[in-house]
Amino acid sequence: MPRVGLTPDQVVGHALALIDEQGLDALTLAAVAARAGVATPSLYKHVSGGLAELRRLIAVRVTEELADRLAEAAVGRSGDDAVAAVLRAYHAYATEHPHRYTALPQAPQPDDDLTHAAARLVGVIIAVLREYGLDGAEAIHAARTVRSVAHGFASLSIGGGFQLAEDLATTQNRLITVLTTGLRTWPTP
């Protein structure tokens, strides 16, 4: 019988706390069970697919969290202001949760929950791009561009890739200006 009060959602919460503290490599069923106060075999009652399923549930949660953060940042904004807010929110999420961010799948495998969360994340970006008059294939190309900029800047930031003394916020502002200028002058086929 599953531990009273322990749910798959709580197991994911314990796993994320472990990842936040020790990194993705520390994720084991034994470590999560210890945090949850149960024996390792008991986790299978909550996460029947073991570590693989737990990693999938973590990927879904992290993708949903990032989508929520971007959507919240974009509310009430449009055009350059919305793009800037989304990029800043993306970077803030990654730097606030650097280990958790590494659990974000860049190319999710087909899975109902994960596919839905990833589509929602990309959907926020595409919605922000509507102000630029981009649709169809061009909206996809632009969304890929925004994701590349956001992921690259976030990954370099959390990986220690920016060691020079210049202000990182200034770099981010310049990057946003370059991106939004490019979006306003997007080449059309």
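Answer yes or no as to whether E166 is among the acidic types (D, E) and surrounded by 16 or more Cβ atoms within 10 Å (Cβ to Cβ).
When the stated conditions are applied, E166 does not pass them.
Give H46, H97, H91 a once-over and let me know the one that is surrounded by 19 or more Cβ atoms within 10 Å (Cβ to Cβ) and touching an Asp or Glu at 6+ places or on another chain (Cβ under 7 Å).
Every option except H97 fails the conditions.
Determine which single condition N173 fails, assuming it passes every other condition in (1) of a type in the set (S, T, N, Q); (2) surrounded by 15 or more Cβ atoms within 10 Å (Cβ to Cβ); (3) at pLDDT 95 or above.
All conditions are met except number (2).
Any chance the range 151-169 includes a residue that's closer than 14 Å to D80 by Cβ, free of Cβ contacts under 8 Å to residues at least 60 places away in the same chain and of a type in the set (G, A, S)?
No, the range 151-169 has no match at all.
Under the condition of being under 16 Å from I58 (Cα atoms) and of a type in the set (D, E), which residue from the range 85-130 is modelled with the lowest pLDDT?
Only one residue fits best here, namely D111.
Across the range 1-59, what is the total count of residues that are closer than 26 Å to Y93 by Cβ, among the small types (G, A, S) and without any contact (Cβ under 8 Å) to a residue 40 or more places away in the chain?
6
Which one of the conditions (1) surrounded by 19 or more Cβ atoms within 10 Å (Cβ to Cβ); (2) under 23 Å from D25 (Cβ atoms) does H151 fail to meet, given that it meets all the rest?
Of the numbered conditions (1) surrounded by 19 or more Cβ atoms within 10 Å (Cβ to Cβ); (2) under 23 Å from D25 (Cβ atoms), the odd one out for H151 is (1).
The values are calculated or read from the model by the stated rules, or taken from the named source; none is laboratory data. Bear in mind that the values here come from a model prediction, so they are computed numbers and not experimental data. Using ideal geometry, Cβ is built from the backbone for each residue, glycine included, and neighbour counts are taken over all protein chains shown.
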